[in-house]
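*Asks:* Okay, here's the structure, questions in a sec.
The values are calculated or read from the model by the stated rules, or taken from the named source; none is laboratory data. Because the structure is a prediction, the values reported are computed rather than measured. Virtual Cβ from ideal backbone geometry, glycine too; neighbours counted across all protein chains shown.
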Amino acid sequence: MDNGFKNIVDELKNTQSITKEQFVYILERGDKDDLEYLYAAAREVSEKVFHKEVYLRGLIEFSNYCKNDCYYCGIRCSNRKADRYRLTEEEILSCCDIGEKIGFKTFVLQSGEDPYFTDDRICDIVRAIKKAHPDCAVTLSIGEKTKESYKKYYDAGADRYLLRHETANEEHYSKLHPESMSGAYRKQCLFDLKEIGFQVGCGIMVGTPHQTVDNIYEDIVFMQELQPHMIGIGPFIPHQDTPFKDEPEGSVDRTLRLLAILRLLFPKVLLPATTALGTADALGREKGILAGANVMMPNLSPSNVRDKYLLYDGKICTGEEAAECNACLRGRVSRIGFTVADSRGDHPDFV
Ligand code: SF4
């Protein structure tokens, strides 16, 4: 066992802080035993806060139209091969009805940045869901908007908002997005959302083209400033109809190390073991939970549209019905000794 590695993990656990040198060490060094020490420390912290409970979020991908052209994304506007769809309000509500019946207490409404869904339409949908399911939380993941729009969603009853910042480094951001998009504005959106009162989630993909270890450390520094309630990270997986089609996939090992580091830095944060992690490794989500994650997001979208919301190639769970996904994930959670929570699964500061 590498004492240097162990000492950094202990210090990280005790101080919830990490220097760049320590970060690079944990990300790049260590053998199997060192990694088990890291994951055990992350699990211990997670278990203290969340008591071995995993929160399930029902994900409803309600539109794959998007006006943006992010280079890594399969539903970017210039991908003419994407088969576009929108769900109606009735269809979205029916997903929620099914979701609550099978035990979900959070619905995550996700889409590309689709101008069809005006603020009024989004607010109508949020209000209708909250009316039909008053005990459930609504999370929106619909991209960059103005602060005024975010406030309207909040006033309509939305509880949480996910907006991955993708990278905190401007230069790296410009290598992943067209000139029309700005990393600075994206960060501002996150601060606005927090100020309004949402539980806010940021995040990155691990292993995006041109990403350096220094970039990831900048992401950590940004997260320490933002203090998000949720952090979504998963490995980068290329999509065949994007400019990054020939780029290598992000590393599962690095993603797991990063999950553990994030758990130690942010003990109370809601940390998903993502579908991308489960796509890159058949047991990736279980490994994620065992490295400190505490959330999973089974798909609640109608099965006839699931294979159309493809941000990356090979996405798992596109053929199953909601109930099958639910049963499968509950089985995965119990096989590793955890249980599925029956609460809404808010961030501890919001309980
Ligand atoms: S990542 Fe989001 S904003 Fe960018 S093209 Fe894809 S759906 Fe649109």
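*Asks:* Can you tell me how many residues in region 52-74 are assigned to a strand (DSSP E or B), touching a helix residue (DSSP H, G or I) at 6+ places or on another chain (Cβ under 6 Å) and either near the ligand (Cβ under 7 Å from one of its atoms) or farther than 24 Å from A293 by Cβ (or both)?
*Replies:* Selection size over region 52-74: 1.
*Asks:* Quick check on this structure: which one of A156, A168, A184 is within 23 Å of C123 (Cβ to Cβ) and at pLDDT 95 or above?
*Replies:* A156
*Asks:* Pick out the one residue from R164, R186 that is surrounded by fewer than 20 Cβ atoms within 10 Å (Cβ to Cβ) and within 15 Å of the ligand (Cβ to nearest atom).
*Replies:* R164
A quick yes/no check of all residues on (1) assigned to a loop (DSSP other than H, G, I, E, B); (2) out of contact with any helix residue (DSSP H, G or I) (no Cβ under 8 Å at 6 or more places or on another chain); (3) in contact (Cβ under 8 Å) with a residue 60 or more places away in the chain:
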site	(1), (2), (3)
L311	yes, yes, yes
A327	no, yes, no
D342	yes, yes, yes
G345	yes, yes, yes
D349	no, yes, yes
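*Asks:* Then there's this: Provide a single number: the residues in region 105-135 that are more than 14 Å from the ligand (Cβ to nearest atom), more than 19 Å from the chain's Cα centre (by Cα), surrounded by 17 or more Cβ atoms within 10 Å (Cβ to Cβ) and assigned to a loop (DSSP other than H, G, I, E, B).
*Replies:* 1
*Asks:* Next question, about the same structure. Is it the case, given these coordinates, that T139 is among the β-branched types (V, I, T), touching a residue at least 60 places away in the same chain (Cβ under 8 Å), within 16 Å of the ligand (Cβ to nearest atom) and touching a Phe, Trp or Tyr at 6+ places or on another chain (Cβ under 9 Å)?
*Replies:* Taking the combined requirement at face value, the residue satisfies it.
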